[in-house]
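Written out below as structure tokens is the structure these notes cover.
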Amino acid sequence: MHENSSIVDALSHSLVAWILFSAAGFVPLLPFAVLGTVIPDADIFYSFISDKAPSLYLFTHGGISHSLAGAFFLSVLSYGVVTSIALIGIIPFSLVAIGGVSGFAAVLTGSLLHLAIDVLACPGIPLLAPVSDRKYTIGILPGPSILLACAAVGLVLVTVPWLMEFSFALHFYTLIVLIYLAVRGVFFLYAGIRIQGRKVPKVNPFSWLAISEEEDHCTVQEYSLVRGVIHESVFLRYKHTSAEEAKSALRLPEVRRLLYYSYCVIAERIGPELILSDPLRENGYLYYPPHYTRVAVPVGDQP
């Protein structure tokens, strides 16, 4: 399921690159730009690494390949692979010769465009990895965006069987994207005025989460831009444990991985174990990212 959503996400990114490069008159560079928009999502093929090695938690979908350094590295690697394939005659060398330096620039631009789109959505991407694993997001869009995914799939469904010409369908898709971003942008600005704390958009543009973290508790409000606060939950950050005991677990790779995936983390000691979890994802406030919502740490292993 996760891989399927990533494939649809890659399709959405490719279409945006196609629109922008076509509009700018760089049609010969379209294959390079589309390649660039796809390669950051190559991380779906090595996400298993973080499952087996928690310390490598950045090697997952939306991880290090979605950083500035990762985008540059993958652009160099993919352009080198394409050039090598052309040199040995698997694909016509003329395809690469047309691009030249501009071809590599188009690949890199496509990669950076992918990052620019992803930074609009929650929970964000680690732009400065591997230097920092902090996620950056503007917070306009929910992640992933169901409407844009459906629109991209719809474009394929009407063009593959020739129900609609691709150029016409692409214009229609462009209109949908622009309207969607405009509407979401307006709601984002309005939410910024009405809501206090960290704001997280949900699929329904009228529905948002407001997250406030204090030293001893985390408050989560379900907020409607029409009705105001409709539900509030308060989660104690430390239950039957202390801040010192919880912080001592931060050195463990499985705990750092949990922090990377979570919106906020609470700790509870149950017998010889310290349970750290993300109450938002565990209680259904948010469903993405779907993995690593809690971890149990033997207290005796703490320094």
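The values are calculated or read from the model by the stated rules, or taken from the named source; none is laboratory data. Just so it is clear, the model here is predicted, and its values are computed rather than measured. Positions of Cβ are generated from backbone atoms using ideal geometry, with glycine treated the same way; all protein chains shown enter the neighbour counts.
Before we move on, is Phe32 surrounded by fewer than 16 Cβ atoms within 10 Å (Cβ to Cβ), outside the structural domain of Leu258 (by TED's automatic domain parsing) and in a helix (DSSP H, G or I)? It is false that Phe32 is surrounded by fewer than 16 Cβ atoms within 10 Å (Cβ to Cβ), outside the structural domain of Leu258 (by TED's automatic domain parsing) and in a helix (DSSP H, G or I).
Yes/no per residue for (1) at pLDDT below 95; (2) within 30 Å of Thr219 (Cβ to Cβ); (3) buried (at least 18 other Cβ atoms within 10 Å of the Cβ):
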site: Ser145; (1), (2), (3): yes, yes, yes
site: Leu157; (1), (2), (3): yes, no, no
site: Glu165; (1), (2), (3): yes, no, no
site: Leu170; (1), (2), (3): yes, no, no
site: Arg198; (1), (2), (3): yes, yes, no
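Assessment of the stretch 228-247 against the conditions (of a type in the set (Asp, Glu) and over 29 Å from Ala53 (Cα atoms)) yields at least one matching residue. The set of residues in the stretch 132-160 being assigned to a loop (DSSP other than H, G, I, E, B) and hydroxyl-bearing (Ser, Thr, Tyr) consists of Ser132, Thr137, Ser145.
Out of curiosity, is Val177 under 21 Å from the mean Cα position of the chain (by Cα), of a type in the set (A, V, I, L, M, F, W, C) and in a loop (DSSP other than H, G, I, E, B)?
Details: under 21 Å from the mean Cα position of the chain (by Cα): yes; of a type in the set (A, V, I, L, M, F, W, C): yes; in a loop (DSSP other than H, G, I, E, B): no.
Taking the combined requirement at face value, the residue does not satisfy it.
Given the structure, is Ser277 surrounded by 12 or more Cβ atoms within 10 Å (Cβ to Cβ), within 28 Å of Trp208 (Cβ to Cβ) and in contact (Cβ under 8 Å) with a residue 40 or more places away in the chain? No. With the structure loaded, tell me whether Leu259 is without any contact (Cβ under 8 Å) to a residue 40 or more places away in the chain and out of contact with any Asp or Glu (no Cβ under 9 Å at 6 or more places or on another chain) or whether it fails that test. So Leu259 fails the test.
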